[in-house]
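Worksheet: one structure, shown below.
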Amino acid sequence: MDSNKFIMSKENIQAKSQNKDNPEEKNINKAFLKKFNLTLETVISENKKLSNYDDLLHKQKNMLFTSKYIPSITLIKYLERIMHYTEAEESTFIIALIYIDRIGKISNIILTPFNVHKLIFVSVLLAIKYNEDTIYNFNYYSLISGMSINELQQLEIDFVALLRFKLYINIIEFSNYKLLFDNADNDDEDNIFE
């Protein structure tokens with residue numbers, strides 16, 4: 001095993017970027033990411049219709065997950081970036097959806113344009129740690145996410161606490177979410193989180 005794989009400097013990520021500049025070159029399933037993106041966008045859209053949306057948005061305003069401004073990178077481009085540079089499997093993204101759904105059920109956090117980028121990155125990061133064999137250091141994930149190492153570490157701690165440290169997902173739960181995701185017709189605005 002190459003020990004440098006786990007020690008990513010800015011130079012190493014730039015070298016890795018030159019080898020993987022085009023997400024098309026790597027086997028990124030664009031259809032999967034498009035559906036994943038549409039699922040998140042549908043949830044955000046449905047959340048905006050909640051009668052207490054403004055109140056919930058205000059309550060989340062000072063949370064670490066909530067950005068002051070909507071990030072300039074589109075959600076689909078951010079998802080492509082995450083999958084491209086982390087090389088996360090599709091199953092890892094399904095686990096990330098499960099984590100986000102759990103947080104929504106446990107807390108008053110709802111997906112909004114102001115928090116979706118941070119929530120999705122941290123949920124994918126935790127899902128990688130849970131599901132993948134290759135895990136990079138925080139410096140590398142910081143460069144991918146566009147967040148500082150300290151912010152990313154604090155977000156991870158907060159996210160795990162919100163999950164009440166329940167990261168385990170049994171095969172039945174995973175299979176149910178995967179089936180719902182596979183069968184969801186985003187054009188009809190089906191919501192797998194219902």
Please give the solvent-accessible surface of THR112 in Å², to the nearest 10, using a probe radius of 1.4 Å with every protein chain present. 0 Å²
Which value results for Rg/Rh of region 32-99 when Rg is the Cα radius of gyration and Rh the Kirkwood radius based on the inverse mean 1/r? 1.01
Whole number in Å², please: accessible area per residue of region 97-177, 1.4 Å probe, ligands, DNA and RNA not counted. 42 Å²
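Calculate the translational D of region 109-151 in whole µm² s⁻¹ from Stokes-Einstein, where the hydrodynamic radius comes from the Kirkwood formula applied to all Cα pairs, the temperature is 25 °C and the viscosity 0.890 mPa s. Please report the intermediate quantities before stating the final value.
Values: Rh = 11.2 Å.
It comes out at roughly 220 µm²/s.
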Accessible-area value, ARG102, 1.4 Å probe, nucleic acids and ligands omitted, Å²: 40 Å²
Neighbour net charge for LEU40 - beta-carbon separation under 12 angstrom, K R +1, D E -1: -1
Over the C-alpha atoms of region 79-194, what are the Rg and the largest Cα-to-Cα span, Dmax, in Å? 13.9, 40
At a probe radius of 1.4 Å, what is the per-residue accessible area of LYS61, in Å² to the nearest 10? 120 Å²
On the accessible surface of region 99-192, probed at 1.4 Å with all protein chains in place, carbon and sulfur together account for a percent value of 53 percent
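The values are calculated or read from the model by the stated rules, or taken from the named source; none is laboratory data. In this text the structure is predicted, and so the values were computed from the model without any measurement. Note: ideal-geometry Cβ built from the backbone for every residue, glycine included; neighbour counts use all protein chains shown. In case anyone asks, the SASA skips ligands and DNA or RNA and just uses the protein heavy atoms, side chains included. Shrake-Rupley method; radii C 1.70, N 1.55, O 1.52, S 1.80 Å.
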